[in-house]
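Contents: one structure, followed by commentary.
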Amino acid sequence: MFVLLNPRLFSKKLSAGPPSEFRWASWKAALNVSHFFVPDKYERLKANKGKSKWLDMIMQDVARTFPRCLHNKEALENILAAYSIYNETVGYCQGMGYIAGLLFLVSESREEETFWTFVAFMEQRVSFDRLPLCGLNKLFLPNFPMVRLFEELLAKLLDKDLKRYLDDMGLPIELWFHKWISTLFLYSFPIQHCIRFWDVLMSGGVSCSLSLACAILSKLGPKLYQAQTTEKCNEILKIPPQILSELLADPEDIISTAKSIRINWKSLNRIVQKHASCIGRQVNTKILNDTRKSASEKVEIERANKKRTSVDSGAVSYTHLTLPTNREV
């Protein structure tokens, strides 16, 4: 497989932006979706959709998620409700609908594929040395410990004068960055911008959101200094259309600036380790639950494979695991 044999080249090409027709396959390859897939499990989870205690909130949020371009709202409800049962520790939280919604759009409305890709994106194991492809579910754990970590890291990385200015304006990072990170920029940026941002995140990990945020703020800086009032600064940080077209129209320029930012993770290790213990306790609880689930899921896979063997002589069809070749990416 190209991804396994050439991981660095794959990562470089994905970050640079794959052809649109290969983006979905590239994202799934980056997330190793096959590791999470359990045959027939999604259908069973979806059948229990009504048992999700989060269903009312999910339906309410989905109704206002991508209203102009996402027309199959029921499929997105199914995906989110199924995940809330799949991972009851996280359940559902606002922001998850944006993430699942973009995956659904990029997949061209492949519901089950989107579910397992969403699971893979959410459930990746955390590595605290450089926070590479940490699972997004850590952003939605109770009390949002991963969000607190990213906020504190951004506070260290952000230009000190700009941070002090925003603090003096009554706009500390925790008031506006939460919406950026918990939706991976979808709350404030157009879909086409976010698709390219996500190429970078899929390639380098969610921690790349820090360099993207610093790049965005470096371009907003002059306008923020000119604003001189809390209300105007707050409006700029929401990235209205005028600001987008004036300062942030080209996602490639933002990405180029982000890639030029070098993060010294050793200097940030104290902050990471401080939050790691809190996040780790919650993650370890979930890993224990996952371990308990894994035994029954292995039985489910074996049963499903035996069933498929009797039907088609062992040919298991799972088309969304097709990985891109060197030429395709």
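A few notes on this one:
- If the condition is being assigned to a helix (DSSP H, G or I), closer than 22 Å to Glu246 by Cβ and open to solvent by 10 Å² or more (accessible area, probe 1.4 Å), then the stretch 163-210 contributes Tyr165, Trp176, Lys179, Ile191, Gln192, His193, Ile195, Arg196.
- Long-range neighbours under 8 Å by Cβ, at least six apart or interchain, first residue within 18 Å of Val90 (Cβ to Cβ) within the stretch 54-76, second open to solvent by less than 90 Å² (accessible area, probe 1.4 Å) and not in a helix (DSSP H, G or I): Trp54/Gly91; Trp54/Tyr92; Met57/Tyr92; Ile58/Ser52; Ile58/Tyr92; Leu76/Thr65; Leu76/Leu70
- Within the set Phe37, Phe22, the sole residue that is farther than 30 Å from Thr257 by Cβ and either in contact with a Pro (Cβ under 8 Å, 6 or more places away or on another chain) or open to solvent by 20 Å² or more (accessible area, probe 1.4 Å) (or both) turns out to be Phe37.
- Take the conditions (1) over 14 Å from Ala120 (Cα atoms); (2) of a type outside the set (Lys, Arg); (3) open to solvent by less than 40 Å² (accessible area, probe 1.4 Å); Glu88 misses just one of them, which is (3).
- Candidate set: the stretch 31-53, residues that are in contact (Cβ under 8 Å) with a residue 40 or more places away in the chain and in a loop (DSSP other than H, G, I, E, B); chosen: the one farthest from Pro7 (Cα to Cα): Ser52
- Lone qualifier among Lys53, Lys28 - being within 16 Å of Asn87 (Cβ to Cβ) and either at pLDDT 95 or above or of a type outside the set (A, V, I, L, M, F, W, C) (or both): Lys53
- One residue stands out among those in the stretch 137-162 that are closer than 17 Å to Val90 by Cβ and not in a helix (DSSP H, G or I): the one that is least open to solvent (accessible area, probe 1.4 Å), which is Leu141.
- Members of the stretch 1-15 found to be in a helix (DSSP H, G or I) and touching a residue at least 12 places away in the same chain (Cβ under 8 Å), listed by number: Phe2, Val3, Leu9, Phe10, Ser11, Lys12, Lys13, Leu14, Ser15
- Within the stretch 92-122, being in contact with a Ser or Thr (Cβ under 6 Å, 6 or more places away or on another chain) and either part of a helix (DSSP H, G or I) or modelled with pLDDT under 95 (or both) holds for Gly95, Gly97, Tyr98, Gly101, Leu103, Phe104, Glu113, Thr114.
- Contacts under 7 angstrom Cβ, first residue in the stretch 191-211 being more than 19 Å from Leu139 (Cβ to Cβ), partner at pLDDT 95 or above and β-branched (Val, Ile, Thr), 6 or more apart: Ile195/Val106; Arg196/Ile255
- Residue list for the stretch 107-122, restricted to those being open to solvent by less than 10 Å² (accessible area, probe 1.4 Å) and either within 9 Å of Phe36 (Cβ to Cβ) or not hydrophobic (A, V, I, L, M, F, W, C) (or both): Ser107, Thr114, Trp116, Thr117, Val119, Ala120
- Taking the criterion of being more than 15 Å from Leu175 (Cβ to Cβ), open to solvent by less than 100 Å² (accessible area, probe 1.4 Å) and part of a helix (DSSP H, G or I), the residues of the stretch 228-247 that qualify are Ile243, Leu244, Ser245, Glu246, Leu247.
The values are calculated or read from the model by the stated rules, or taken from the named source; none is laboratory data. These figures come from a predicted structure and were not determined experimentally. Note: ideal-geometry Cβ built from the backbone for every residue, glycine included; neighbour counts use all protein chains shown. Note: areas computed on protein heavy atoms with side chains; ligands, DNA, RNA excluded. Shrake-Rupley method; radii C 1.70, N 1.55, O 1.52, S 1.80 Å.
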